[in-house]
Amino acid sequence: MRTLPKFILSAAMVTVMATSFSAVQAATPADTLVQAWQMDDIISLDPAEIFELSASEINGNTYERLITYDIKDVSKISGQVAESWTVSPDGKTYTFKIKPNKKFASGSNITAEDVVYSLHRAVSLDKSPAFILGQFGFTKDNVKDKIKQTGPLELTIEVDKPYAPTLVLYCLGNSVASIVEKKVLVQNEKDGDWGYNWLKTKYAGSGPYIMRDWKANEVLVLERNPHYEKPTPLARIIYRHIKETASQRLLLEKGDIDVARSLNPEEITAMSKSPDIKVQSAPKGTIYYLGLNQKNPNLSKPEVRLALKYLVDYSAIADTIMKYKGEVHQNFLPKGFLGAETTTPYKVDVAKAKDLLAKAGLKDGFSVTMDTRSTPEIMGVAQAMQSTFAQAGIKLEILPMDSKQALTKYRARQHDIYIGNWGSDYQDPNSNADTFAANDDNSDGAKAKPLAWRNAWDPGPLTAKTRAAVMERDAEKRAQMYKELQKSVLDDSPFVIFLQQTEVAAVRKNVDNFVLGPSFSDNDMSQTKKN
């Protein structure tokens, strides 16, 4: 890889700058955007492994993919690295032509060879997000036969079935399909690892910024990519991991940072009154829900599942604990997706819940635990539910733990109730239907482990209906299929969906074009500037 421009800071300088430059300057540098964010979820910066929200945002600003879409209207799909594409009459072969003269940060041209290598690599490494590509029939054994270079700037992708084309295209716009520079990865490969151990903390992309430095739970630095087709106004972006929301507010007020990303409702209210601050928000394709483990004999009763849906004070949670950060939503498809339902039939009704518990043979209630991430907002929501559950005789014990611990337990089906959020992997409704409404194998040893599996729920005929929906090429008919799936999951599933996330950021008023998109990978700083 070529030497990067001389303005790049050393790691030591980055740390000093990220922690103390404001004491000298009373404001962040004009060519640098400094953000405070709770970003301890980052475990890797390799596009083939990224599956967390913070890392997805970093990826969206540092890598490119074949396909992108208009974040103001995600139905408008366009090429990013692809100049054009065609689909064969049988709906199974996609032919892509690459834009000429697109360059990596190293200065090398992007070729079809790089794109093919990147997709082969993602499937072969088989990390957490690999299923997004694997659902089209790609495996380690066949991917080299299914994804082929057919010219210097042309490749073909052969899927196993004639899926709705938008599904395939949206998945090719996901982080896992990011294009990496083959030459750089081959140079840094060890023992056939596709350069994986190197790329976890390094960079080999073509996006508007270069990932320059990352110190876990401390600081992450992006630098301008001088070879990007539309140069960024800013020379660098610094993310500081600051867990305490009060500290973020103080730093923002002092001008030590430009953007605070993790403020609580009270702090957001205060910041909205400041003449120096503007509050930005955007709905996300992320929903908050409870997962009820069907291995628990009480939670497996349909009446109990329904009773719990009447023991959540949806409006109170949205208006207080999650003020600014979400709105009441009860269906598995977020607003903005094809076929998304916005009905909210459930409201807190203790009398109705008690009647349902009595029908389940539990008129005196029961005891149950809830695995809870120890963040202020999630703990607050859990405590609110603990209070309303108690009114119907359900004794809820909250078990606070860090995110990794809670997820590990959840993925092993060892919870009673799990409270969490689910962000769509791509902008097609199958992303959520496939996890909330389908479960091909409910055994403990299943290979595919969607949320339905994690909660030991066999959705019966809904699995086949989910599989049929991805094959429907008529958008109107397909939307209706998802509406029917949502109705079934809303009424009968072990999921209590209560909120759709809104992302909020407090931004100093001299910052322009700081864009929050429909997913974290769409949060765009490529044209952010400071006045």
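Quick notes
- Counting only protein heavy atoms and a probe of 1.4 Å, the accessible surface of the chain is 50% carbon and sulfur.
- Inter-probe distance in nm under a simple model that places probes 7 Å from Cα toward Cβ, at MET401 and SER274: 3.7
- Under 19 Å from the ASN421 label point (7 Å along Cα→beta-carbon), backbone N, region 365-383: 371-383
- Stretchable slack from ALA446 to SER75, in nm (0.36 nm times residue separation minus alpha-carbon distance): 130.2 nm
- For the chain: relative contact order, % (alpha-carbon pairs under 8 angstrom, 6 or more apart): 19
- Computed from the Cα positions only, the extents of region 78-166 along the three principal axes stand at 35, 31, 21 Å, in decreasing order.
- Projected label points at LYS148 and LYS477, each 7 Å from Cα along the beta carbon direction, are separated by 3.2 nanometres.
- One chain, two ends: GLU303 and ALA412. Fully extended at 0.36 nm per residue, the span grows by 36.7 nm beyond their Cα-Cα distance.
- Highest-first arrangement of 340-348, 368-376, 35-43, where packing means the average Cβ count within 10 Å: 35-43, 368-376, 340-348
- Packing-based ranking, highest mean first, of 420-432, 380-392 given that Cβ atoms within 10 Å are counted: 420-432, 380-392
- Where labels lie 7 Å past Cα in the beta-carbon direction, separation of THR320 and VAL87 in nm: 4.8
- The residues of region 403-531 expose, per residue, 38 Å² of accessible area to a 1.4 Å probe.
- Peptide ranges 324-336, 89-101 listed from the most packed, as the mean C-beta count within 10 angstrom indicates: 324-336, 89-101
- Antiparallel DSSP beta bridges within the chain, percent to nearest 5: 75
- Cross-link check: pairs LYS102/LYS230; LYS301/LYS359; LYS284/LYS529 evaluated at a Cα-Cα cut-off of 18 Å; pairs beyond the cut-off: LYS284/LYS529.
- Per residue accessible area of region 144-215, 1.4 Å probe, in Å²: 41
- Across region 185-340 the C-alpha pair distances fall into 5 Å bins from zero in the proportions 1, 7, 10, 11, 12, 14, 13, 12, 9, 7, 4, 1, 0 percent.
- Relative contact order [Cα under 8 Å, 6+ residues apart], region 443-531, whole percent: 17
- Label assignment, Kirkwood radius over Cα pairs in Å derived from the structure, set [x] 30.0; [y] 24.3; [z] 26.6: [y]
- Three-way shape call for region 135-259 based on the alpha-carbon gyration tensor, with the a/c threshold at 1.5: prolate
- Heavy atoms of ARG411 accessible to a 1.4 Å probe, total area in Å² rounded to 10: 110
- For region 333-373 versus region 100-168, the spacing of their alpha-carbon centroids is 42 Å.
- Pairs with C-alpha atoms separated by more than 25 Å, drawn from the list LYS323/LYS477; LYS140/LYS409; LYS352/LYS487; LYS97/LYS182, are LYS323/LYS477; LYS140/LYS409.
- Rel. contact order, % - alpha carbon contacts under 8 angstrom, at least six apart, region 382-490: 19
The values are calculated or read from the model by the stated rules, or taken from the named source; none is laboratory data. Here the structure is a predicted model, which means the values were calculated and not measured. Backbone-built Cβ (ideal geometry, glycine too); neighbour counts: all protein chains shown. Side chains are part of the model used for accessible areas, which takes the heavy atoms of the whole protein and leaves out ligands, DNA and RNA. Shrake-Rupley method; radii C 1.70, N 1.55, O 1.52, S 1.80 Å.
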